[in-house]
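> Once you've had a glance at the structure underneath, I'll fire off some questions.
The values are calculated or read from the model by the stated rules, or taken from the named source; none is laboratory data. Just so it is clear, the structure is predicted and the values come from calculations on it, not from any experiment. Every residue, glycine as well, gets a Cβ built from its backbone with ideal geometry; the counts of neighbours run over all protein chains shown. These area figures cover heavy atoms from the full protein model, side chains too; ligands, DNA and RNA do not enter into them. Shrake-Rupley method; radii C 1.70, N 1.55, O 1.52, S 1.80 Å.
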Amino acid sequence: MDINKPRLTYYDISPCAVAFSTTRHGGCSQGPHATFNINRYCGDTEQCVSQNRKRLADILGIDEKRIVVPHQTHGTQVRLIANDFFELPDNVRDMILDGVDAVMTSESDVCIGVSTADCIPVVIYDSEHHAACVVHAGWRGTVARIVMKAVGAMSDAFHSRPQCLKAVIGPGISLDCFEVGDEVYSEFASAGFDMARIARRYEASGGAGGHEKWHIDLCECNRLQLIGVGVDDENIFMSGICTYKNVDDYFSARRLSVNSGRIYTGVVLRPLPVKE
């Protein structure tokens, strides 16, 4: 195996779309960013980020400048990436992607994606209109129903119909490991979530002697949101990868600190075959 080649986790959503999540393997970053991180906003060196992006671009067969990495802020902003985006100066592109937690496109050979390290990445693909969206859903974004807003944004931009959508819920923290305070539980409850389906109480970590804490199932929250807007359950793929439990292969902020690397979950649309 080529240790300098990034190791990706791929998802089978369409022969005409390459959907994936990066792992920690095959890059040049060091310390808590080791070794494959392409995110510029988490404390890694510019040199390593640039080199890792080049390696990813080579695997995907696209220009490095066509890898889109937004600066996320746990909001609900969804940004459309059109082809003229790449004609803009670097600083303007950075401004357009600042405060963005979901990106969508119908352009071919463009990689859109989001960065996570315990939060939930969601890839949505419209097989009818050959368009895609990738969503960063941390607990705040999940409470604010960013996945539902992303489906709505795809409907507005591409005339997407939920029944024609496929979705992948990628690597993120599991119910077992996502221990939260009562205030976070209250946020979900106040937002109208079915707490019996998404929350459990377990003995607190650290041996607190019988004290129990709430745990939230973020993956299930986002799956239920997709179903709630009309996406067929059978078209939703759950990766089942817990970042906290699999920290050797995937970045976990709860295990490595927030100043660690990030998983990049993305999708590249390939040109559709020409109809004769």
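> Using a 1.4 Å probe, what is the accessible area per residue for the stretch 3-148, in Å²?
39
> Looking at the square roots a ≥ b ≥ c of the eigenvalues of the Cα gyration tensor of the stretch 91-140, which shape do they give, rounded for a/c under 1.5, prolate if a/b is larger than b/c, or oblate?
It is oblate, given that a/c is not under 1.5 and a/b is not larger than b/c.
> What spacing in nm lies between the two simple spin-label points modelled at residue 245 and residue 200, each 7 Å away from Cα in the Cβ direction?
Rounded to a tenth, the inter-label distance reads 1.0 nm.
> Taking the Kirkwood radius as the inverse of the mean 1/r across Cα pairs, report the Rg/Rh of the stretch 67-122.
That ratio equals 0.95.
> A further question on this structure: Can you compute 3J(HN,Hα) from phi for each residue in the stretch 71-78, using the Karplus curve 6.51 cos²θ - 1.76 cosθ + 1.60 with θ = phi - 60°, rounded to whole Hz and x for Gly and Pro?
Listing the rounded values in order: 8, 7, 9, 6, x, 10, 6, 10 Hz.
> Rg(Cα) of the stretch 102-239 divided by 2.2 N^0.38 Å?
Normalised Rg, Cα atoms only: 1.12.
> Next question, about the same structure. Looking only at the chain, where both bridge partners belong to it, what percent of the DSSP beta bridges are antiparallel (to the nearest 5)?
80
> Go through the stretch 143-213 and name the chymotrypsin sites (Phe, Trp or Tyr not before Pro) that are in a DSSP coil and have 10 or fewer other Cβ atoms within 10 Å of their Cβ.
Passing both the DSSP loop test and the Cβ count: no residue.
> Okay, next question. Taking a 30 Å limit on the Cα-Cα distance, which of the listed pairs 149/275; 5/149; 213/245; 65/166 fall beyond it?
149/275; 5/149
> Apply the a/c threshold of 1.5 to the C-alpha gyration tensor of the stretch 199-276 and tell me whether it is rounded, prolate or oblate.
Verdict is oblate for the stretch 199-276.
> Roughly what would the spin-label model give for residue 12 and residue 155, points 7 Å off Cα along C-beta, in nm?
A separation of 3.1 nm, rounded to one decimal place.
> Follow-up. If you wrap a convex hull around the Cα atoms of the stretch 38-158, how much volume per residue is inside, in Å³?
It is 106 Å³ per residue.
> Heavy atoms only, probe 1.4 Å: what % of the accessible area of the chain goes to carbon and sulfur, would you let me know?
The computed percentage sits at 48.
> In debye, nearest 20, what is the charge dipole magnitude of the stretch 9-57 about its Cα centre with +1 on Lys and Arg Cβ and -1 on Asp and Glu Cβ, if you could check?
That gives the stretch 9-57 a dipole magnitude of about 100 debye.
> Let me make sure I get this right: for the stretch 1-83, a, b and c are the square roots of the gyration tensor eigenvalues over alpha carbons, sorted descending. Under 1.5 in a/c it's rounded, otherwise prolate if a/b > b/c, else oblate. Which is it?
oblate
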